[in-house]
Amino acid sequence: MLPTLARTRSWPLSRLSASAPGKRAAGGLLAVTACVAALLAPAQTAAAATVPAGPVFNKPTGSTAEQEAIRTHVRSVIANADSGSVLRLAMYHLWDETIAADLGAAKARGVSVKVVLDETTLEYRASYDLLRSSLGTSTSAASWVALCATGRSCLGTATTGINHNKFLLASSVGGGAQKNVVVQLTSNLTPSNYKRYWNSSVTAVGNATLYDGYVDYFTRLPAQNRTAWSYTYGNAGDYKYYFFPRAGSDDTTDTVVNAMDNITCRWTDSAGTARRTTVHAAMLKITRQGVADKLRTLAGQGCLVDLVYSETDSGTWSALHGVSGITNRCYQHDADDDSTTPNLIVHSKNWMVDGMYAGTAQKVLFTGSHNWSGPALRNNDEALLRITTPAVFDAFEANFQTTRSAAVPGTSDNVAVCKS
């Protein structure tokens with residue numbers, strides 16, 4: 001049975017990715033669960049399959065297959081990882097015993113499996129206990145599962161923070177047909193993320209520079225050497241990665257504000273036609289004042305800003321509402337007490353620029369685990385990925401429009417629900 005999300009007007013979204021079902025005891029029940037999950041896991045065949053590159057989106061209002069599209073994709077990468085290869089998974093919450101069993105099965109067929117989770121994943125222990133049993137916890141071994149310290153991220157020096165990462169790396173898939181696979185998600189691996197939250201993922205294959213950048217970041221997580229960590233970024237063709245937390249105290253060290261500084265709002269194309277740059281975002285949290293103020297400034301310069309979100313605060317709400325050039329749709333569809341309609345939110349962390357960016361007319365997409373919040377910048381382990389591939393942008397823009405259409409104006413766009 002799937003966990004349910006209790007109705008509340010004040011969600012601790014910084015710590016909550018899905019409701020936790022009751023904790024299960026280790027022992028006989030876990031053994032039975034593991035056996036059942038293993039039977040459900042997709043087995044790697046002699047001729048292992050390749051996995052699709054590019055975007056995958058879930059649709060919580062759709063069929064079961066549409067709801068679980070990202071989950072299915074993750075399972076396929078795990079199932080088709082080659083013997084002798086390495087799988088690396090960094091995840092905030094893993095509350096999916098079937099995927100835990102998939103990872104154990106990968107180890108059993110000769111894959112080195114390494115998993116880093118936030119300590120709060122123990123709010124629902126069953127999946128972690130399966131991983132601990134099948135992979136072990138010694139990071140000096142070929143396979144293991146590790147937790148960040150209680151109440152902290154793995155890399156941040158702050159005494160608060162979380163490992164909010166959501167990515168999967170595979171060194172070789174499909175009988176060697178695909179190397180250096182990077183899967184960046186906005187989704188945790190939990191039932192609510194599949195069934196009730198709008199989420200996205202994107203997969204890059206064969207980009208060794210991108211893959212090596214992620215592997216280096218992943219390797220730093222379990223070591224938890226906080227004094228040695230510093231904010232890291234790098235270019236990899238159509239991709240640029242940014243890994244957090246980032247030290248600093250003002251907007252000059254805000255990666256998102258820095259990126260938005262590259263936007264020119266009004267420009268003239270090669271045919272002499274006047275153009276306006278658009279900035280679209282599907283974002284769980286907009287609580288970072290510097291980002292909200294920058295969006296307001298861009299709107300004043302002529303950009304067309306369109307936002308779908310699930311949480312702001314008083315300052316960011318004021319900056320973003322009642323402004324010419326900014327359209328807001330809040331997506332917190334709370335079910336009424338007597339309703340069977342599920343609670344739905346936008347859990348994506350995607351923003352897109354279509355127009356003049358860094359002096360060039362182009363389409364630029366940012367995605368990853370990074371919310372527009374203070375902790376995402378300063379305290380949490382996070383990954384942000386910039387992509388300039390037009391086809392990937394177009395797919396994310398189409399998903400933005402679908403999410404936007406589902407966020408019916410007037411249903412939830414009010415201060416009581418959307419402003420914490």
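The values are calculated or read from the model by the stated rules, or taken from the named source; none is laboratory data. For clarity, every value in this text was computed on a predicted model and none was experimentally measured. Note: ideal-geometry Cβ built from the backbone for every residue, glycine included; neighbour counts use all protein chains shown.
Points to keep in mind about this one:
- Candidate set from segment 308-329 (those that are of a type in the set (A, V, I, L, M, F, W, C) and either free of Cβ contacts under 8 Å to residues at least 40 places away in the same chain or not in a helix (DSSP H, G or I) (or both)); member that is farthest from residue 401 (Cα to Cα): 319
- Any hit, segment 288-305, residues being more than 16 Å from residue 256 (Cα to Cα) and of a type in the set (Ser, Thr, Tyr): no
- Listed by position, the strands (runs of 3 or more DSSP E) contained in segment 151-211 that have at least 1 residues being under 15 Å from the mean Cα position of the chain (by Cα) and either basic (Lys, Arg) or surrounded by fewer than 21 Cβ atoms within 10 Å (Cβ to Cβ) (or both) are 166-173.
- Residues of segment 228-247 classified as in contact (Cβ under 8 Å) with a residue 40 or more places away in the chain and either hydrophobic (A, V, I, L, M, F, W, C) or assigned by TED's automatic domain parsing to the domain that holds residue 204 (or both), total: 4
- Search result, residues across segment 138-148 that are part of a loop (DSSP other than H, G, I, E, B), within 25 Å of the chain's Cα centre (by Cα) and more than 13 Å from residue 92 (Cα to Cα): 139, 143
- Residues of segment 84-106 that are in a strand (DSSP E or B) and within 16 Å of the chain's Cα centre (by Cα): 88, 89, 90, 91, 94.
- Any hit, segment 266-274, residues being crowded, with 17+ Cβ neighbours inside 10 Å, at negative phi and hydrophobic (A, V, I, L, M, F, W, C): no
- Residue satisfying all of: in segment 107-126; touching a residue at least 60 places away in the same chain (Cβ under 8 Å) and either assigned to a helix (DSSP H, G or I) or in contact with a helix residue (DSSP H, G or I) (Cβ under 7 Å, 6 or more places away or on another chain) (or both); surrounded by the most Cβ atoms within 10 Å (Cβ to Cβ) among these: 116
- Qualifying residue in segment 39-53 (condition: modelled with pLDDT under 50 and either part of a helix (DSSP H, G or I) or under 23 Å from residue 310 (Cα atoms) (or both)): yes
- So residue 398, is it modelled with pLDDT of 95 or more and small (Gly, Ala, Ser): yes
- Checklist (1) outside the structural domain of residue 388 (by TED's automatic domain parsing); (2) within 21 Å of the chain's Cα centre (by Cα) applied to residue 281, failing item: (1)
- Out of 190, 255, 227, sole residue that is under 19 Å from residue 157 (Cβ atoms), touching a Phe, Trp or Tyr at 6+ places or on another chain (Cβ under 8 Å) and among the polar types (S, T, N, Q): 255
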